[in-house]
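Take a look at the structure below.
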Amino acid sequence: MGLLAAVEAWVKGRDHQAEWREWERMLEVIIKAISDIPSVQSQVTQPGRINVTPTLSIQWDQKVIPISPAQLVKELWEGEPRVGVSLRGEGIYIIPYMLEEDEEKLVAQRLRAALRWAYERGAAPTMEREPAKLAGNWLLSLKFILGQSQHSMSLKQEGASLSGQYRSGYAESTVEGLVSGNEVNFRTVINHEASHIPYSFAGKVEGEAISGQVSLGEYWTASFSAVRVG
């Protein structure tokens with residue numbers, strides 16, 4: 001009886017054409033999020049004998065974006081929120097069958113952040129603009145959708161590369177980043193109880209201050225300002 005109920009639900013209870021259109025829409029959201037990253041190529045292919053859904057294949061030039069498919073799969077799986085994708089040849093692939101409503105946005109955000117970060121790291125050695133000098137201690141003020149917080153960080157700098165320690169009200173973590181001219185990107189992951197929250201900063205330097213936006217993964221975004229205090 002259970003098998004009969006499953007077959008009837010499949011044949012009579014589901015709008016397969018509507019499902020297919022929704023899967024294609026989800027994949028288009030992901031494609032759009034990564035379409036402006038240099039060398040990334042995306043293609044939606046039709047299914048084979050298994051996983052009967054449209055499938056998104058993504059490849060990139062590893063000389064331009066120095067991260068291997070296996071490294072990208074690992075980073076997406078170990079980050080927050082966890083995203084599972086699969087290896088395929090010289091890239092990865094994504095099937096939308098298991099995605100719930102709006103989860104394609106989280107996948108798009110995590111994938112874009114990982115590829116963009118790898119690209120910016122690879123571009124760092126060829127940056128022509130003299131990087132701003134950011135070594136020292138910084139006090140950060142963050143404004144979230146609800147509430148505000150003050151964090152701090154200590155930075156070391158070698159050319160365009162930044163590294164150091166980051167401190168929130170809950171924990172201390174490492175921070176790494178890149179600076180080109182007066183544009184700076186840096187990121188850290190703050191661990192609090194069972195949560196692992198990525199903080200990806202993008203800002204502009206003006207004298208002894210930095211201001212910009214923070215991507216918080218599934219926790220949306222925040223704005224920030226920072227001043228050098230030593």
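The values are calculated or read from the model by the stated rules, or taken from the named source; none is laboratory data. Quick caveat: nothing in here was measured; it's all calculated off a predicted structure. Methodologically, a virtual Cβ is constructed for each residue, glycine included, from the backbone with ideal geometry; neighbour enumeration extends over all protein chains shown.
Points to keep in mind about this one:
- Comparison of Pro96, Pro81, Pro38 shows that the only residue that is farther than 26 Å from His196 by Cα, part of a loop (DSSP other than H, G, I, E, B), out of contact with any His (no Cβ under 6 Å at 6 or more places or on another chain) and not assigned by TED's automatic domain parsing to the domain that holds Ser200 is Pro38.
- Residues that are under 12 Å from the mean Cα position of the chain (by Cα) and either over 11 Å from Arg110 (Cα atoms) or surrounded by fewer than 18 Cβ atoms within 10 Å (Cβ to Cβ) (or both), drawn from the range 79-97: Gly79, Pro81, Arg82
- Filtered residues of the range 160-194 (kept if in contact with a helix residue (DSSP H, G or I) (Cβ under 8 Å, 6 or more places away or on another chain) and without any contact (Cβ under 8 Å) to a residue 40 or more places away in the chain): Ala160, Ser161
- Among the residues listed as Arg110, Arg116, Arg121, the single one being in contact with a strand residue (DSSP E or B) (Cβ under 8 Å, 6 or more places away or on another chain), assigned to a helix (DSSP H, G or I) and of a type outside the set (Ser, Thr, Tyr): Arg121
- Note on the range 146-187: among residues that are out of contact with any Lys or Arg (no Cβ under 9 Å at 6 or more places or on another chain), at pLDDT below 90 and within 22 Å of Gly79 (Cα to Cα), the one that is surrounded by the most Cβ atoms within 10 Å (Cβ to Cβ) is Arg187.
- Residue in the range 39-52 that is modelled with pLDDT of 85 or more and of a type outside the set (S, T, N, Q) present: yes
- Listed by first and then second residue, the pairs with beta-carbon distance under 7 Å, at least 6 apart or on different chains, first residue in the range 48-73 and farther than 20 Å from Val107 by Cα and in the same structural domain as Ile34 (by TED's automatic domain parsing), second of a type in the set (A, V, I, L, M, F, W, C) and at pLDDT below 90, are Pro66/Ala118.
- Apart from one condition, Ala18 fits all of (1) modelled with pLDDT under 90; (2) in a loop (DSSP other than H, G, I, E, B); the exception is (2).
- Scanning the range 206-220 for residues that are surrounded by 14 or more Cβ atoms within 10 Å (Cβ to Cβ) and either in the same structural domain as Ala114 (by TED's automatic domain parsing) or out of contact with any Leu (no Cβ under 7 Å at 6 or more places or on another chain) (or both) yields a count of 7.
- Any hit, the range 130-149, residues being free of Cβ contacts under 8 Å to residues at least 12 places away in the same chain and part of a strand (DSSP E or B): yes
- Positions within the range 195-214 being on the phi > 0 side of the Ramachandran plot and in contact with a helix residue (DSSP H, G or I) (Cβ under 7 Å, 6 or more places away or on another chain), in sequence order: none
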